[in-house]
1. Could you list, in sequence order, all residues of the stretch 39-88 that are touching a Pro at 6+ places or on another chain (Cβ under 9 Å) and among the acidic types (Asp, Glu)?
2. Quick one: count up the residues across the stretch 166-200 that are open to solvent by 90 Å² or more (accessible area, probe 1.4 Å) and over 10 Å from residue 146 (Cβ atoms).
3. Looking only at the stretch 90-107, filter to residues that are open to solvent by less than 70 Å² (accessible area, probe 1.4 Å) and in a loop (DSSP other than H, G, I, E, B); which one of those is farthest from residue 72 (Cα to Cα)?
4. So the check is Cβ under 9 Å with 6+ separation or different chains; which pairs have a first residue in the stretch 80-107 that's at positive phi and a second one that's hydroxyl-bearing (Ser, Thr, Tyr) and open to solvent by less than 40 Å² (accessible area, probe 1.4 Å)?
5. Hey, among 186, 142, 159, which residue is in a strand (DSSP E or B) and not aromatic (Phe, Trp, Tyr)?
6. Within the stretch 50-65, is even one residue crowded, with 16+ Cβ neighbours inside 10 Å and touching a residue at least 40 places away in the same chain (Cβ under 8 Å)?
7. Considering each residue of the stretch 150-165, count those that are open to solvent by less than 30 Å² (accessible area, probe 1.4 Å) and on the phi < 0 side of the Ramachandran plot, and give that number.
8. Being open to solvent by 20 Å² or more (accessible area, probe 1.4 Å), in a helix (DSSP H, G or I) and of a type outside the set (Val, Ile, Thr) is the requirement here; does residue 124 meet it?
Amino acid sequence: MKKRIAGILIIVLSIGALGFWELWGRENISYYKIAVLRDSAEPGTEITEDMLRPKKVESANKGAVTWDKAGELVGLETGQYVQGDLELHMEYFREPEFRAGTKYDRYVLMIPDTWLMSYPESIKRGDRAFFYLGEKLICDALVVHVKDSYGQEITYSDLKRYYATGTIKTIEIIVSSAQMEKLNRLADKGNRFTLIYAEDIGQ
């Protein structure tokens, strides 16, 4: 009788343990908790806390961002298209190219017309602008905005920049305080710069 009761208890405990493992244990003990995006993100999207969520998976590839490290992604931006609900890797992200603020010593500066001797009409957001005084390179800076007279960003419908959406009215760049002081000082002396660019370094 005792052996029969012991056998029944063993069976009940085994079934209970199996049920516990399947209903709670497998997911909470053997699964990994990784970070994923709630929705897909285009290149240049800055990551905020509410864009991230945890996801439990049976296995994760080496280098996948775990949920306890998800906070390291906040404030970064996507360097490529990142699909939602898939594991994330740090190489998908970068420091925001267009970030500005006193904390970073990066400021948005609109270039006055009086500063420029010439500039290419095909320059656009994301280019690296180089300021020359004669043959001397003064500084270079990331172009953050190129706008028309209506304040709209000028874009191109083709890679060769043949078809612009408008005519340039203002060019804005991101500079450090030292760069801003240097450009101001030279411009105050009546100097005018020649501006050239290299394509899409900022994006």
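The values are calculated or read from the model by the stated rules, or taken from the named source; none is laboratory data. Just so we're clear, the structure is a prediction, and the values are computed from it rather than from any experiment. So basically every Cβ, Gly included, is an ideal-geometry build from the backbone, and we count neighbours across all protein chains shown. Ligands, DNA and RNA are excluded from the accessible area calculation, which covers all protein heavy atoms including side chains. Shrake-Rupley method; radii C 1.70, N 1.55, O 1.52, S 1.80 Å.
1. Residues satisfying the conditions are 46, 77.
2. Here the count works out to 7.
3. In the first step, residues of the stretch 90-107 are kept if they are open to solvent by less than 70 Å² (accessible area, probe 1.4 Å); the result is 92-94, 96-101, 105, 107.
Going one step further and asking which of them are in a loop (DSSP other than H, G, I, E, B), we end up with 96-100, 105.
On the way: 96: 13, 97: 17, 98: 19, 99: 17, 100: 19, 105: 21 Å.
Within the stretch 90-107, the match that is farthest from residue 72 (Cα to Cα) is 105.
4. Between residues of the stretch 80-107 that are at positive phi and residues that are hydroxyl-bearing (Ser, Thr, Tyr) and open to solvent by less than 40 Å² (accessible area, probe 1.4 Å), the close pairs are 105/176.
5. 142
6. no
7. 1
8. Judged against the criteria, residue 124 is not a match.
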